[in-house]
Structure formats: structure tokens, C-alpha cells
Amino acid sequence: DAGVIQSPRHEVTEMGQEVTLRCKPISGHDYLFWYRQTMMRGLELLIYFNNNVPIDDSGMPEDRFSAKMPNASFSTLKIQPSEPRDSAVYFCASSSRTASGNTIYFGEGSWLTVV
Amino acid sequence: GQQLNQSPQSMFIQEGEDVSMNCTSSSIFNTWLWYKQDPGEGPVLLIALYKAGELTSNGRLTAQFGITRKDSFLNISASIPSDVGIYFCAGLNNFNKFYFGSGTKLNVKP
């Protein structure tokens, strides 16, 4: 089975530019998460969706960040305008409640550098 | 808010040695998950624990869901160089929210 697919894997952009990160969750999963990872702060939850609806966006740093999930197989995280302090690895993850329990699976990450 | 305390932060061990790391919380969790992250990659699920007291193995890895539901440990037996990486614990609470530990960085000397 295909895992969580993210693109781009790496992006270098100039300060002030718009950045769009993309995610395809595992088919059948009804939860989708966006995390940011930095050395200083570790893994931070930015936002998560359930059945394409945003449930908790309290982790989104500021208005420059926005996320959408137009359908069950696609989500975007947008940063506009980008700033150097946004440089981090952004992970998309998905999960589904099964008879056993709930397990979260990560994509390989989008490595963002803002210069 | 809820926090997961993961320890140790880092470990330097000799190949062949056993390793133990743990996560504790002041709140109870319904699920404990353990991940490994290699450089340049995303966290990969190693073991999932769904019941208090559950002990689960995956090859040389063994993890347990603490009876109090507030802790979990991961053991690696007979470590090898490819065990190098960062290990994360994660807990799922009653509100269906995941929390992650800060990671244990494992270094294995051949």
C-alpha cells in the first residue's frame, strides 16, 4: 500500500514568496494532520482534519499559514508570505480508527528552507 | 497542557548492548506509539500499544503500555549500527489528540 505522499520533498524559496506543500493521505484514512519539526521545538501539531473538516487549528503559527482539504485524498498547507523562521520540516500524517485502535502514519516530509 | 516526558534525550552505546527508553505523562493515554526517525526521513511506526499492560514485540524491539496508562517503555536488544536514529513516543488521549515526546537520539558504536 502507498503511504502518505508529500510534495515537494525539498524546497528553497526566498523570503516573501508563497509556499504550497501538498499531501495525499493513505486511502481510507479519515484524519489528516500537519506537523512542523524543528530542532528547537520538536514535532508541533499545526492543524488536523477529520473527514476533510478542520477540527483544531490552534497550532497554526499565524495568519500567514493556511491549510485546506478539498477532498479525502488531498490537502495543502500554504505559507504566504514565507519568512526565514518558517524553515523547518513539515510532515503530513494520516490515521484511521480501527477495531484495534488509532495509529498515525507519517509522510517523508517536506524540507523547507526560506532564505 | 498535556506533556510527554521522554528519556533519555540521547544515548551512546556499544554495538550488542541493550537499550531502554521511556515516556511518562501526568495524564492517561488510550494508545501509545513508538516511532523511529532516520536522518532526512519521516517517523516510521515501530510498535503500537492499545491496552494497559500490553507487551508487544517487533523483532529485537519490545514495548509496553504501562498499567497506569501514564507511561510506556521501548527496549532494543542486541543493538546494531542501523538502530541509530531518533526514537519518538506518542500518546493518544481521550480527546483523540496525539502528543509526541521530544525524542531519544540513539548512537551505536560498532
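Only the coordinates and a few stated rules stand behind these numbers; no lab work does. Fair warning: this is a prediction, and the values are worked out from it, not measured in the lab. Here the Cβ positions follow ideal geometry from the backbone for every residue, glycine too, while neighbour counts run over all protein chains shown.
Cβ under 13 Å from B:C89's Cβ, B:C89 left aside: what net charge do those residues give with Lys, Arg +1 and Asp, Glu -1? Walk me through the numbers on the way to the answer.
Working: positive: B:K36, B:K70; negative: B:D71.
Its environment carries a net charge of +1.
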**Asked** Peptide A:42-48: average number of partner chain Cβ atoms within 10 Å per residue?
**Response** 4
**Request:** Read phi for every residue in region B:82-92 and hand back ³J(HN,Hα) as whole Hz from Karplus 6.51 cos²θ - 1.76 cosθ + 1.60, θ = phi - 60°, with x for Gly and Pro.
**Result:** 6, 6, 4, x, 10, 9, 10, 9, 9, x, 10
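Quote the relative contact order of chain A in percent (integer), defining contacts as alpha-carbon pairs under 8 Å separated by 6+ residues. Don't skip to the end; give the middle numbers.
Details: 289 pairs, mean separation 41.9, N = 115.
RCO, chain A: 36 percent.
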**Fill in**
B:A63 neighbourhood, Cβ < 13 Å, K/R = +1, D/E = -1, net charge +1
**Request:** Enumerate by residue number the chymotrypsin sites (Phe, Trp or Tyr not before Pro) in region B:55-96 meeting two conditions: DSSP loop (anything except H, G, I, E, B), and at most 12 other Cβ atoms within 10 Å of the site's Cβ.
**Result:** B:F95
**Request:** Find out how many positive minus negative residues lie around A:N50, taking Lys and Arg as positive, Asp and Glu as negative, among other residues whose Cβ is under 11 Å from that of A:N50.
**Result:** -1
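Just how large is the dipole of region A:1-82 about the Cα centre, in debye to the nearest 20, putting +1 at every Lys and Arg Cβ and -1 at every Asp and Glu Cβ?
Values: 8 positive and 10 negative charges, 35 e Å.
The calculated dipole for region A:1-82 is roughly 160 debye.
State which entries of A:K24/B:K97; A:K78/B:K70; B:K51/B:K97; B:K70/B:K109 exceed 26 angstrom in Cα-Cα distance in the structure shown.
Working: A:K24/B:K97 21 Å; A:K78/B:K70 36 Å; B:K51/B:K97 17 Å; B:K70/B:K109 32 Å.
Where the Cα-Cα span goes over 26 Å, the pairs concerned are A:K78/B:K70; B:K70/B:K109.
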**Prompt:** How long is the gain from A:S73 to A:T20 if the chain were fully straight, where each residue apart is worth 0.36 nm and the alpha carbon distance is subtracted?
**Reply:** 17.5 nm
**Asked** Sorted from fewest to most neighbouring beta carbons within 10 Å, what does the list A:T113, B:T62, A:T103 look like?
**Response** A:T113, B:T62, A:T103
